[in-house]
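FYI, it's all coordinate maths here, none of it is from the lab. Treat the numbers as computed from the prediction; the structure is a model and nothing was measured. Counting neighbours? That spans all protein chains shown, and the Cβs are built from the backbone with ideal geometry, glycine included.
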Amino acid sequence: MSGSIDILHLYPRDMNIYGDLGNILVLKRRLEWHGYDVNVIGYNPGDAFPVHADIIVGGGGQDSGQDIVAGDLHAIGPRLQKLAAGGTPMLMICGLYQLLGKFFKTQDGHVIKGIGLLDIQTYAGPERLIGNTIVESPEFGQIIGYENHSGQTFLGEGMTPLGSVVRGAGNNGQDGLEGARYHNVIGSYLHGSLLPKNPAIADFLIEQAVTRKYGEFTPTVIDDAFALEARKIAAKRPR
Ligand code: GLN
């Protein structure tokens, strides 16, 4: 083994839908293929925040799940801010992507405050934005996933999107943008789960984590035939 990587999984109990757990499984398995031991730490509200985390991953959830975790998220917010500023790679999907931003105003009109790590604001729209989605990203090429959200997210000035929507709604169904990028943080609406069909994103998170910890990363060549096949099939699915 070349070393060991700690993956922090935020709120697996309340924020984990549409297959988001698959992101953890992919990171773990690819890290093992690349020659690393992996320690997955599940963190739920009230738990002791781990002393160390190399990659931080969070998923989506119902508005009610977001209400449950919001208080705890504010408590750990400064630590997440510091880790993000220091370059810790993070992948935050849908519900936690929204709460990494400034706020999410829900359908029933209450505001769930976020931690403002990303300069984004989210307002529930009149209809849910649901379906298979394709995004073109300058960093990762074509990203393929599935979205299901009422929230419409708008990026603040200077905030970089993850990519442009080729098919689907993305952040808000209006400006053609999807997700957000900041330091090594990736925020996205895409479930599916995202990483099994997008190994380039998984390896980006892994490369950042390993390089930060060990100074260099020498990837193994992984046979991604199944991932490529899954991408092809998913890309052909109706919206
Ligand atoms: N509850 C949020 C919304 O509907 C997030 C949904 C999700 O995480 N899939 O916008």
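Of note:
- Kirkwood analysis of region 83-181, using all unique Cα-Cα pairs, places the hydrodynamic radius at 13.6 Å.
- Close amide H partners of T160, meaning residues 5 or more places away or on another chain with modelled amide H under 5 Å apart, are R181.
- Using a Förster distance of 30 Å, the FRET efficiency for S4-Q81 (Cβ separation, nearest 0.05): 0.75
- Here the scattering of region 132-224 is modelled by Debye summation over its C-alpha atoms, one equal scatterer each and no solvent; at q = 0.17, 0.22 Å⁻¹ the log10 of I(q)/I(0) is -0.74, -1.10.
- For Y97, Y146, order by how many other beta-carbon atoms lie within 10 Å, fewest first: Y146, Y97
- The chain: DSSP helices with Cα axial extent of at least 18 Å and average Kyte-Doolittle hydropathy no lower than -0.5: 21-33, 63-85, 199-214
- The order of D67, D6, going from fewest to most other C-beta atoms within 10 Å of their C-beta, is D67, D6.
- Remark: region 45-51, residue by residue, has Karplus-estimated 3J(HN,Hα) of x, x, 5, 6, 5, x, 5 Hz, where x stands for each Gly or Pro and the curve is 6.51 cos²θ - 1.76 cosθ + 1.60 at θ = phi - 60°.
- Rg over Rh [alpha-carbon atoms, Kirkwood Rh] for the chain: 0.94
- Placed amide H near I5: partners under 5 Å, 5+ positions off or other chain: D37, V38, N39
- Taking every DSSP beta bridge that has both ends in the chain, the antiparallel portion is near 55%.
- Helix-only [θ]222 nm of the chain, DSSP H runs n ≥ 4, -39500 (n - 2.57) each, per residue, nearest 500: -10000 deg cm²/dmol
- Summarising the amide proton neighbourhood of Q142: residues at separation of 5 or more, or on other chains, whose placed amide H is nearer than 5 Å comprise S137.
- Here's the list of aspartates and glutamates a cross-link from K197 could span, going by alpha-carbon distance under 15 Å and ignoring same-chain residues fewer than 8 apart: D20, E136, E147, D223, D224, E229.
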